[in-house]
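The values are calculated or read from the model by the stated rules, or taken from the named source; none is laboratory data. Just so you know, these numbers come straight off a predicted model, no measurement behind them. Every residue, glycine as well, gets a Cβ built from its backbone with ideal geometry; the counts of neighbours run over all protein chains shown. Areas reflect the complete protein model, heavy atoms only, side chains present, ligands, DNA and RNA absent. Shrake-Rupley method; radii C 1.70, N 1.55, O 1.52, S 1.80 Å.
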Amino acid sequence: MDKNELRTQKLLIGIFSILLTVVLVIVAGVEAKKSTETKPVIEVTGVNKRCVSCHTEKGIAVKAIDQWKESQHAIKNIGCIDCHKAEKGDFDAFYCPDSDILVGRHPTPKDCAECHQQQVEEFAQSKHAHQFWIIKNDDRSIFEPTITTRHGCEQCHNISIVWPDKSVGECDACHPKHTFSRAVARQPETCGECHIGPDHPHIEIYLESKHGNIFRAKEKQMNLNYASKDLKKIPIEVPTCATCHMDGNETQPSTHNVSARLAWESQAAWSYRTVWLQDKLGDWTIKRARMEAICKSCHAPEFVETYFLTADLVNLQYNELRRVFVYWVKKLNKNGLIKELEANGKKYSDVVLNGWDEEPEHLMYHAWHHEGRRFRHGAIMMGADYTQWHGIWELQNDLVELIRWAAEHGDPEAKQWVNSRHPSKFMPYPIYDIPGNAWGINPLANKVPFLYVNYDDYWDRVYQNVKYAYEKGLLSEKQWQLWLKRYNNKEHYLGTKYNADSVYNYYLQLNAIDTKAMNEQVVNMQLPGKPFYQPRPGVIAGPSEKVIKQQLGRKEEKYSPESGTK
Amino acid sequence: MNEKNLIDFRKIKQAILDEPIPMHMKNWFYALGVTPFILFIFQVLTGILLTIYYVPSPELAYKSVKYITEEVRLGFWIRGLHRWGSNLMVVAVFLHMVRVFFTRAYRRPRELNWIIGVLMFFITLGLCFTGYSLIYDQLSYWATTVGTNMIKEIPIFGSLFLHLLRGGEIVSVNTLTRFFNLHVIFLPTSLLMLIALHIILVRVHGVSQLEGIEDDEVYKFYPEHVYHGAIIALFLLTVMSALTVVLPPGIGEPADPNVTPLHIKPEWYFFAIYFVLKYVPLKLGITLMLIFLIIMTFWPFIDELLRKKFPQVKWHYILGSIVILLFLIFTVYETVSY
Amino acid sequence: MKKETRREFLVNLIMGGGILSAFVLFIFNIAKYIYPKLGAPTFRKVVIAKADEIELGQVKEVRFGDQILYLANINGKYKVFSSICTHLGCRVRWEENNQRFFCPCHHAVFDKDGKVLSGPPPRPLDEFKVDVEGRFVYMWVEEKKSWGII
């Protein structure tokens, strides 16, 4: 055997052994990536074990058990009976049919308060807990059958339920049973279950806002399941509804009182500064300061203050619109043109709130309950479209129709209004305003509007109105100073002292080209094929006279009052 | 060296360690026989280690594999070694067969050993297939379903075999336990016995001489040839360990019998079969495969017959090259077209 | 036997050392794979009782999962005892009339505070860490490890 060859082999073995050693050291140093999330093991204890095993076996509400297992309750050893416990004589107590366990069917806030006392108390002091809808409900009850109320009004307003045990509210309206998830409670759609639709489109307003848009875009990266106690930083990039109205930040404690940060009663027929539990919660300026403290987590103070000041002036402006509405319906009522409903000496359908059978009442109702709220709430929550098209445009339209109706029914003042050719006739009310807006300086926008151009004392009148509102306490000292700052430097904030005409002219030229194109393409043309309807008497294009007569005859038959009542 | 020393050893040791090896065996290409054997030992070792954590039940198989891969310390290493080992084993067996085939080492009196070798090749593939299905993720589950379904197309006995293998109509808990048994008990034991037989036959016949080149010079099994093996073992362990770090074993979504994933593919060494079955009717494909298997198994005799008829033609070169070429083309095509 | 040359000695040393180190490390890695990962236990806080549920000086059986535990209010301080006897692991019982914990296996007796009064146990009853927050008594339990099997 060749010695050298053998030695080479030995050397090779040695080298590979050392190489292997190195690789093994590397292997030992590598920790595999861990993707498995270890979930806490849920222990089901005592009575709960009986509940869970029997329910699982019988297949009754099994999902509720799965949900419970996902909850913080399960992790902390809070089981079925801790919430569903009952004593004999409780309004919701019943014996579980397959055992001797006394069970409470409806855990109420009283049960939640066993542990979450602060939250339940805060909630009870919020307008969520206020049964306001029942107070004037007799007006509405004449217009809608009760069965619709069960699954209509009551389903949402159940959040303010007063239970037989005298506790108030429905915690699982937002924290769905049985996970009681914080993340779900923070999801905008949770609020949107109720705050939706023509009268208070808050979810729509939110989703229209920049807040909502960013939330939707980045929703998947956000974990809404955070605790908001102990003056901690808000951990998400943009607010959901709950962030501003309930969550805490570095300066604000979190609260379950959604009214603690609201400065207006802007859901009401008139916008007025809130006095809700002001001895406990402070006056509106304190409530507003709470809200601003949250806004200032992300925004510059001046932006926030200017934004809210503008929104506040929108609310005040709304009152002036409403004043005109109220003036007209009251006048029409006094003159006997519209009437309230009455039975057994009690009046139903308040003409300035809930009227149902006459056009002016109808317009009145829409102007505050639908359009009026959209106008105000859009302004305060960044829903431009709701302030504009679903708001003021509709409001103005209601107003015009109301006065026109009065004119048609012989009111001389209304006739005069209809016949007036003055462009200012659409604003038969005083004006609030603020120089410029919170978003920027626009040198062009303020050069055109009619009132600016035609009334030299425009800003003097506005000044008087805003000052009056301030002196009435509807605006705070700080807001007045902020307003004055803009007023005293209007040319800057309105942009009128800047000149951007050269840029504007460029777009004007483009606009001229557009207009020309429109005229050339479609405005001045007439199709050669004649229309089928000719507006001359005696000539009917289309189906024969006989056929139409037949159809009309049938229609009359169908709707004749005799056949209807028989 | 140390010849005196060795002579003093007892006879049995002499038979094992002093086996004369022809000089041509010093070429590394002729060490391909020992490579699958080394890999087999690795597979047994890592396989035993994997059974410490693996649970063969549909609910837990996937979870336990995931647990091994992601939670157990160095679990990825053991599983990686086993996985790479299986792939390399197929390669090594294949190369060994190619070498034997082209050197016509199967010629008389070694026909039986060739047949044993072919059998071991199939068992190796069987081990790969059953092992893959034990992972019980989506790909593994559906590869098992599709793979076993092919058995149904075997003439006459198809459904019988299929139901026997699956332990029922569909891939289920019975299939998993059967495959587990096959993978850890039946197939390895069979393979071990065949390996023993294979080696004994090699020893009985002696290492084959190269056709036409009779080299009289020999060297002893120990130490040189053993060193050969040791170097290969160390090399493989090093490379495979490194591979587990660079390309760690993955795991897909858990098996869902209700959802077939978009791309299902067998392991790469079945690509050629997969390719053939895609382009010819299933019945024909299976029949072709069976014919191929029969020819392959009894090749030494067929070769002999052919030689007698056409002594000039080197059949094994022609046929071997065609098969390898087709195998490579199909495999590469499937890999690329994926 | 020939004397080894220096070169040969070196080669043998490399080979021997290499094989030895690789072998040791190989076995070590495998051992690491086989040996279960224990790690430091993590604890979780669970509600075990309401503070007003148990009067001063009272001892009460409570359950957490399958474990039977004893909650004691000793001079206004809450304690949670394991019911596993520290001697050989039998279950101790609270005897209300004797005001003692008693283990039937070897007649061990513990007092209300868990201290050994008589019998073979080497140490007092095991206690869980207890916190009182507001109206609730919390107990710290060891987090069970799971890989989703249970």
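Figures for the structure shown
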item: Sites A:Gln526 and A:Lys136 - FRET efficiency at Förster radius 60 Å, r taken between beta-carbons, to 0.05; result: 0.60
item: Interface burial for A against B (accessible surface, 1.4 Å probe, total of both chains, Å², rounded to 100); result: 2300
item: Accessible surface, the stretch A:120-245, averaged per residue in Å² (probe 1.4 Å); result: 55
item: At 1.306 mPa s and 10 °C, Stokes diffusion of the stretch A:250-338 via Kirkwood alpha-carbon radius, µm² per second; result: 105
item: Those aspartates and glutamates that a straight Cα-Cα span of less than 15 Å connects to C:Lys32, excepting residues fewer than 8 apart in one chain; result: A:Glu31, B:Glu70, B:Glu71
item: Interface C:A - total buried accessible surface [probe 1.4 Å, Å², rounded to 100]; result: 2800
item: Rounded to the nearest 10 Å², the accessible area of C:Val59 at probe 1.4 Å; result: 10
item: Chain A, accessible surface, carbon-and-sulfur percent (1.4 angstrom probe); result: 57
item: Dimensions in Å of the stretch B:24-254 - Rg and Dmax from alpha carbons; result: 19.7, 61
item: Environment charge at A:Glu154 (Cβ cut-off 15 Å; Lys +1, Arg +1, Asp -1, Glu -1); result: -1
item: Sequence of B:Phe310, B:Phe42 when ordered by accessible area, the most exposed leading, probe 1.4 angstrom; result: B:Phe310, B:Phe42
item: Calculated FRET value between A:Lys49 and C:Asn12, using beta carbons and R₀ = 41 Å, to 0.05; result: 0.05
item: Rounded Å value of the spacing that divides the Cα centres of the stretch A:36-73 and the stretch B:203-272; result: 50
item: Amide H contacts of A:Ser254 (H built 1.01 Å from N, under 5 Å, at least 5 apart or other chain); result: A:Asp230, A:Leu231, A:Gly248
item: Solvent-accessible area, 1.4 Å probe, carbon plus sulfur percent, for the stretch C:43-142; result: 49
item: Förster radius 45 Å - calculated FRET efficiency between C:Leu38 and C:Arg91, Cβ distance, rounded to 0.05; result: 0.95
item: Using alpha-carbon coordinates, inclination of helix C:6-34 to the longest axis of chain C, degrees; result: 20
item: C:Phe23 accessible area, 1.4 Å probe, all protein chains in place, Å² to nearest 10; result: 120
item: Summed side-chain charge close to C:Arg123 - residues other than C:Arg123 whose Cβ falls under 14 Å, Lys, Arg +1, Asp, Glu -1; result: -3
item: Estimated inter-spin distance, A:Leu337 and A:Leu484, nm [label 7 Å along Cα→Cβ]; result: 4.4
item: Using alpha-carbon coordinates, inclination of helix B:299-309 to the longest axis of chain B, degrees; result: 60
item: Percent carbon-and-sulfur accessible area, the stretch B:51-150, ignoring ligands, DNA and RNA, probe 1.4 Å; result: 70
item: Amide H contacts under 5 Å for C:Ala49, placed H, 5+ residues apart; result: C:Val137
item: Span-like helix ranges in chain A, DSSP H, alpha carbon extent 30 angstrom or more, Kyte mean at least -0.5; result: A:3-29, A:301-334
item: Accessible surface, 1.4 Å probe, highest first, among residues A:Asp139, C:Asp126, A:Asp350, A:Asp230; result: A:Asp230, C:Asp126, A:Asp350, A:Asp139
item: GNM flexibility winner over chain B from B:Leu95, B:Leu134, B:Leu282 (Cα, springs under 10 Å); result: B:Leu282
item: Helix-only mean residue ellipticity at 222 nm for the protein assembly as shown, each DSSP H run of n ≥ 4 adding -39500 (n - 2.57), per residue, nearest 500; result: -16000 deg cm²/dmol
item: Label-point separation in nm, A:Glu193 to A:Val448, each point 7 Å along Cα→Cβ; result: 4.5
item: Non-local Lys pairs in the stretch A:46-107, i.e. 8 or more apart or on different chains, that have alpha carbons under 18 Å apart; result: 6
item: Two-site label geometry, A:Lys58 and B:Glu59: point separation in nm, points 7 Å out along Cα→Cβ; result: 2.4
item: Shielding score for C:58-64, defined as the mean number of other chain Cβ atoms within 10 Å; result: 2
item: Drop in accessible area of at least 40 Å² in the complex versus isolated chain, residues of the stretch B:227-246, 1.4 Å probe; result: B:Tyr227, B:Ile231, B:Leu234, B:Leu237, B:Thr238, B:Val245
item: Amide N proximity, the stretch A:215-258 versus A:Ala289 label position 7 Å along Cα-to-Cβ, cut-off under 13 Å; result: A:252
item: Helix axis angle, B:315-337 relative to chain B longest principal axis, alpha carbon, degrees; result: 30
item: Cα-derived Rg to Rh of chain A, Kirkwood definition; result: 1.12
item: Count of Lys pairs (Cα-Cα under 26 Å; at least 8 positions apart or interchain) in chain B; result: 15
item: Measure of compaction for the protein assembly as shown (Cα Rg per 2.2 N^0.38 Å); result: 1.44
item: Over 18 Å between alpha carbons, listed pairs A:Lys177/C:Lys144; A:Lys210/A:Lys296; A:Lys177/A:Lys218; result: A:Lys177/C:Lys144; A:Lys177/A:Lys218
item: Residues listed by number, the stretch B:309-325, amide nitrogen under 19 Å from B:Glu111 label point at 7 Å toward C-beta; result: B:309-311, B:315-317
